[in-house]
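Here the structure is laid out as structure tokens; the discussion comes afterwards.
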Amino acid sequence: MLKELQRLRKKAEQAQKSRPAPEHKVQHAPGGLRGRWMMSSLSFVVAILATVIIFVSLGVSNYYYSNLRENLSKRASSTATAFRIYLSDTEDQFLSSAERSVAEFEDKGKLEMQFIRITGQIFLSSSGLMTASTPGTPDVDQALADRTTHVYTGEDQLTGERVMSVTAPLMTRGKVLVGAVRYVTSLSLAEKQITGMILLSIVASLLFLVLVVVSNSHFIRSIVEQIKKINVIAGEIAAGRYGMRLQKTHDDEIGALCDTINYMSDEISRAEKTKNEFISSVSHELRTPLTAIGGWSETLLACGAQDPEETLQGLEIIQKEARRLTQMVEELLDFSRIESGRMKLEIETFDLSTELFEAIYMYDNLLESEGIELSYHKGDGSYLISGDRHRIKQVFLNILDNAAKYGKTGGRIEVGLGRERDNIVVTVRDWGVGIPENELPFVKEKFYKGSSKQRGSGIGLAVTDEIVQLHGGRVELSSRVGDGTQVTVTLPALAVHEALGVETQIESAEENDEE
């Protein structure tokens, strides 16, 4: 069995050494973290910038066109009002007033002023180029038809360029329609200004987008670099190089991840060390009884039963070592059941003091032979609990075994049983070597043996703690180097009325048995 265990251990170590280290070079695929980050952030920014450009374009266009429309409408309305005040019903007066208005028109470089007959033809223009022609825009016809001011924006039928025109009907004091006045301006300058504003907003948006890309690239680069380092360290840990640590650069989520991985690495390293120590310890623990059993078996086979005393001694040693092996296997099986969640308790109501006394009685002779004095103090009260009596006795045996091993130098062990409110408290105190303060938090962990050189697998106290927790209790240790150790087991007791009911049932059963 020992050779098989060693063979399996060597095979596992060779497999771990021959395992190829993972490739740590990170390839940034288009769908990687960098690409996904940039895509999500840039798509959002581009959508916002496009919306801003659209709103800027509409706002600037509306601003320029509205101002231009308002100015032209005011000019046309002002001219129409002046004609209505001073114009009589004679056509000659209308012609002379129109000629005077064109002659005195000062904005010939910006606008064109036209006078139109009721037939729709231009008879007078500030440019002098379009007389006797028809504008062909709907604002003229509409103004002459319903005698109100109308605006047109679009292509001029005569010149082919984009213009804005406003036509207002001209009325005499007698409200007779004599014609219309029309103001026309080219939209080329306004549209150049509008285009310039839109291009300026696009350039500003592109500059902002470049700044966003640069800042995002710097930010995501810092994250990706940290993740690459984390990936490398994780690969090293996966390859079996435990204990490696990451350098924490920022106190943020990445920093918290580094702390977690560092903690994981330390815990795995410690667990690996504990596992190796456990395998070494179990190998040693198996070797000692197996050597004794094998040696005495060979001696008895070789010498036969010539010396009855020697034969009896050999059989006693074989039996003792076989019990040690059985106990070790039972501890391993219990630990395996606990780890896999297959530990089942056979729940019943029993007197805990009885199980404790039986455990003490079993160890009394052994302790006496080793020169250890055992004293037992029991307080008043009921000690009925609900649980598995065999597992609870196993707890007491494990604790007494540890007290005998580690407290041997003290020469005495004290066991106490008492009540604290609704709990039953068992204390086992020895005056042995004690436990170092830095090892005390770990003594209940699996496979942990600390600096002790005593025999054992290092799982007895871990199994004890698990069994007590399954019963709703707790195991506490207090120790000081050179002053011994005290183990305190606290278990919930049955309530008073429950205990009385159980005692009545026990007494009735005993009376029935006597009858």
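Odds and ends about this structure:
- Pair list, Cβ under 6 Å, 6 or more apart: region 220-239 residue free of Cβ contacts under 8 Å to residues at least 40 places away in the same chain and open to solvent by 70 Å² or more (accessible area, probe 1.4 Å), other residue basic (Lys, Arg) and assigned to a helix (DSSP H, G or I): none
This table checks each residue for (1) modelled with pLDDT of 85 or more; (2) in a helix (DSSP H, G or I); (3) over 24 Å from Glu331 (Cβ atoms).
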site	(1), (2), (3)
Thr427	yes, no, no
Gly456	no, no, no
Gln469	yes, yes, no
Leu477	yes, no, no
Thr488	yes, no, no
Gly501	no, yes, yes
Ser508	no, yes, yes
Asn512	no, yes, yes
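- In this structure, Ala143 does satisfy being more than 30 Å from Val46 (Cβ to Cβ) and touching a residue at least 24 places away in the same chain (Cβ under 8 Å).
- Qualifying residue in region 201-212 (condition: under 30 Å from Leu68 (Cα atoms), surrounded by 17 or more Cβ atoms within 10 Å (Cβ to Cβ), of a type in the set (Val, Ile, Thr) and over 30 Å from the mean Cα position of the chain (by Cα)): no
One line per residue, one yes/no per condition, for (1) within 56 Å of the chain's Cα centre (by Cα); (2) closer than 30 Å to Val415 by Cβ; (3) at pLDDT below 80; (4) in a strand (DSSP E or B):
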position: Ala292; (1), (2), (3), (4): yes, no, yes, no
position: Trp296; (1), (2), (3), (4): no, no, yes, no
position: Ala302; (1), (2), (3), (4): no, no, yes, no
position: Arg323; (1), (2), (3), (4): yes, yes, yes, no
position: Met328; (1), (2), (3), (4): yes, yes, yes, no
position: Glu355; (1), (2), (3), (4): yes, yes, no, no
position: Ser386; (1), (2), (3), (4): yes, yes, no, yes
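- Listed by first and then second residue, the pairs linking a residue in region 355-375 that is over 17 Å from Gly407 (Cα atoms) to a residue that is open to solvent by 80 Å² or more (accessible area, probe 1.4 Å) and assigned to a helix (DSSP H, G or I), with Cβ atoms under 9 Å apart and 6 or more places separating them unless they lie on different chains, are Glu355/His390.
- Qualifying residue in region 240-257 (condition: farther than 30 Å from Thr159 by Cα and modelled with pLDDT of 80 or more): yes
- Cβ pairs under 6 Å, 6+ apart, first in region 56-81 and within 20 Å of Ala143 (Cα to Cα), second open to solvent by 50 Å² or more (accessible area, probe 1.4 Å) and among the hydroxyl-bearing types (Ser, Thr, Tyr): Ala76/Thr149
- If the condition is being more than 22 Å from Glu99 (Cα to Cα) and free of Cβ contacts under 8 Å to residues at least 24 places away in the same chain, then region 118-140 contributes Gly136, Pro138.
For every residue, the table says whether it meets (1) under 30 Å from Ile459 (Cβ atoms); (2) in a helix (DSSP H, G or I); (3) touching a helix residue (DSSP H, G or I) at 6+ places or on another chain (Cβ under 9 Å).
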| site | (1), (2), (3) |
| --- | --- |
| Val232 | no, yes, no |
| Ile237 | yes, yes, yes |
| Tyr263 | yes, yes, no |
| Lys273 | yes, yes, no |
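- Identification of strands (runs of 3 or more DSSP E) wholly contained in region 111-156 with 1 or more residues that are open to solvent by 60 Å² or more (accessible area, probe 1.4 Å) and in contact with a strand residue (DSSP E or B) (Cβ under 8 Å, 6 or more places away or on another chain) yields 150-155.
- Across region 337-353, the number of residues qualifying as in a helix (DSSP H, G or I) and surrounded by 12 or more Cβ atoms within 10 Å (Cβ to Cβ) comes to 5.
- Leading residue by the ranking (nearest to Asp483 (Cα to Cα)) among those in region 403-424 that are assigned to a strand (DSSP E or B) and hydrophobic (A, V, I, L, M, F, W, C): Ile413
- Some residue of region 98-109 being open to solvent by less than 40 Å² (accessible area, probe 1.4 Å), assigned to a loop (DSSP other than H, G, I, E, B) and either over 25 Å from Ser133 (Cβ atoms) or of a type in the set (S, T, N, Q) (or both): no
- Of the residues making up region 219-256, those that are touching an Asp or Glu at 6+ places or on another chain (Cβ under 9 Å) and among the basic types (Lys, Arg) are Arg245, Lys248.
- Taken together, the criteria place Leu333 among residues that are under 58 Å from the mean Cα position of the chain (by Cα), closer than 18 Å to Gly460 by Cα and open to solvent by 70 Å² or more (accessible area, probe 1.4 Å).
- Qualifying residue in region 58-80 (condition: part of a helix (DSSP H, G or I), among the β-branched types (Val, Ile, Thr), farther than 15 Å from Tyr183 by Cα and out of contact with any strand residue (DSSP E or B) (no Cβ under 6 Å at 6 or more places or on another chain)): yes
The values are calculated or read from the model by the stated rules, or taken from the named source; none is laboratory data. The shown structure was predicted, so the numbers you read here are calculated from the model rather than taken from an experiment. Glycine also receives a Cβ, built like all others from the backbone with ideal geometry; neighbour counts cover every protein chain displayed. Ligands, DNA and RNA are excluded from the accessible area calculation, which covers all protein heavy atoms including side chains. Shrake-Rupley method; radii C 1.70, N 1.55, O 1.52, S 1.80 Å.
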